[in-house]
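A.B. asks: The structure under discussion is supplied below as structure tokens; questions concerning it will follow.
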Amino acid sequence: MTQFLSIHQKNPDKRQIKKVIEIIDGGGIILAPSETGFCYIGSASLESTHEKFLKLRPGHPKNKPFSLLCKDISQVSKIAYLSTQIFRLASRVWPGAYTLILPCSKNTPKIAAGPKRKTVGVRISSHPIVENIVREFDHPLLVTSVTDEEELIEQDYFNEDTKDDFWWTDVNKIWNQAAKNLINIAIDDGEQIPIKVSTIIDFSQEPPVLIRDGGIDLDLIGIFNTN
């Protein structure tokens, strides 16, 4: 049965954060706000997390891995290769709405890379609640947005003239639409969560490739011509 937790964004309650951590440790899935809208988070060390994510996101390609959520660059360096250049760039954009595609290392969780994949997508969140959760783990977490860019475009979400309050902006509406038995904790921070998409940059190639422009300052990275 899903527990609904109201957690203050600016001053998260430590007891509630601890409850969330215990759920994730036990293999549970949480629904949480982030800087790119609501997302599902679970343990990257359990294969069952991947299976649950696919049920929550039935449109997601089964052979496409989900991203990892790390607490800091030091943790990222333990599960992916970071050159000096990438480290410096990552230090400028993280934490924030940037997903970096990095070369896998021998420590990359298989659940995120897949047996034949050589790369892994990694994020470090700037959202206070997510930051507090991830900080308590020595290993990365698996993360996926409640909805993807294609679904948002299909629903005309990015059209400025569109004023509809879509279901994925509200934790209760998401819960009603999702497979309820798979969500153990749903977090509401009392804020209206704007839906955005992360900027995705593939650093496994040389030169790096901009996979998706999420509308977030590319000048921070300094490797793409934005003129």
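The values are calculated or read from the model by the stated rules, or taken from the named source; none is laboratory data. Given the structure is predicted, the values throughout are model-derived calculations rather than measurements. Positions of Cβ are generated from backbone atoms using ideal geometry, with glycine treated the same way; all protein chains shown enter the neighbour counts. For the accessible areas, the whole protein counts, side chains as well, though only heavy atoms, and no ligand, DNA or RNA atoms are used. Shrake-Rupley method; radii C 1.70, N 1.55, O 1.52, S 1.80 Å.
A.B. asks: Which condition from (1) touching a residue at least 24 places away in the same chain (Cβ under 8 Å); (2) part of a helix (DSSP H, G or I) is the one that Leu68 breaks?
C.D. replies: (2)
A.B. asks: Next up: Collect the residues in segment 135-160 that are under 20 Å from Pro65 (Cα atoms), in contact with a helix residue (DSSP H, G or I) (Cβ under 7 Å, 6 or more places away or on another chain) and modelled with pLDDT of 85 or more, keeping them in residue-number order.
C.D. replies: Pro140, Leu141, Leu142, Thr144, Val146
A.B. asks: Mind counting the residues in segment 33-44 that are modelled with pLDDT under 95, in a strand (DSSP E or B) and either farther than 16 Å from Gly190 by Cα or not acidic (Asp, Glu) (or both)?
C.D. replies: Number of matching residues: 5.
A.B. asks: Same structure, new question: Which of (1) open to solvent by 30 Å² or more (accessible area, probe 1.4 Å); (2) in contact with a helix residue (DSSP H, G or I) (Cβ under 8 Å, 6 or more places away or on another chain) does Arg15 not meet, given it meets every other one?
C.D. replies: Unmet condition: (2).
A.B. asks: Right, here's the next one. Any chance you could count how many residues in segment 72-121 are more than 17 Å from Phe137 (Cβ to Cβ) and touching a His at 6+ places or on another chain (Cβ under 8 Å)?
C.D. replies: Here the count works out to 0.
A.B. asks: Does Lys163 satisfy the condition of being more than 24 Å from Gln9 (Cα to Cα), surrounded by fewer than 16 Cβ atoms within 10 Å (Cβ to Cβ), out of contact with any helix residue (DSSP H, G or I) (no Cβ under 9 Å at 6 or more places or on another chain) and modelled with pLDDT of 90 or more?
C.D. replies: Criteria not met by Lys163.
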